[in-house]
């Protein structure tokens, strides 16, 4: 899948259009599983492009993104290197556009 191409300026987009370009971050280590589910639901409701989560929460959050245009982005990061892999719930790969190879 190719990255989305901008068709107009952000200032001219409505909320749904703008959200489709946003990576929604749910990465605070102190979030409880219930908070992670609630935030995942929020990202899906907004129709964000991706929801970046700790890889350990993929199974927990996957049911909430199935059948939507929002994808999960298991995220592992540090100051030296960032690895971001985006997969559709069906397992179909997507190029995350961050210079990394997505599997």
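The values are calculated or read from the model by the stated rules, or taken from the named source; none is laboratory data. All values reported here derive from a predicted model rather than from experimental measurement. We place every Cβ from the backbone using ideal geometry, glycine too, and count neighbours over all the protein chains shown.
Of all residues in the stretch 32-62, those satisfying the criterion of being surrounded by fewer than 16 Cβ atoms within 10 Å (Cβ to Cβ) and under 16 Å from residue 18 (Cβ atoms) are 42, 45. Residues in the stretch 63-93 that are within 20 Å of residue 31 (Cβ to Cβ), surrounded by 13 or more Cβ atoms within 10 Å (Cβ to Cβ) and at pLDDT 50 or above: 64, 65, 70, 71, 72, 73, 74, 75. Considering every residue within the stretch 11-20, establish whether at least one is surrounded by 13 or more Cβ atoms within 10 Å (Cβ to Cβ) and in contact (Cβ under 8 Å) with a residue 24 or more places away in the chain. The answer is yes; a qualifying residue exists. Among the residues of the stretch 1-40, those identified as closer than 18 Å to residue 63 by Cα and over 12 Å from the mean Cα position of the chain (by Cα) are 32, 33, 34, 35, 36, 37, 38.
The set of residues in the stretch 24-53 being within 16 Å of residue 74 (Cβ to Cβ), in a loop (DSSP other than H, G, I, E, B) and at pLDDT 90 or above consists of 31, 48, 49. Selection of the stretch 10-30 for residues being in contact with a strand residue (DSSP E or B) (Cβ under 9 Å, 6 or more places away or on another chain) and closer than 14 Å to residue 54 by Cβ yields 24, 25, 26, 27. Take residue 96 and tell me if it is under 23 Å from residue 5 (Cα atoms) and at pLDDT 90 or above. In short, no.
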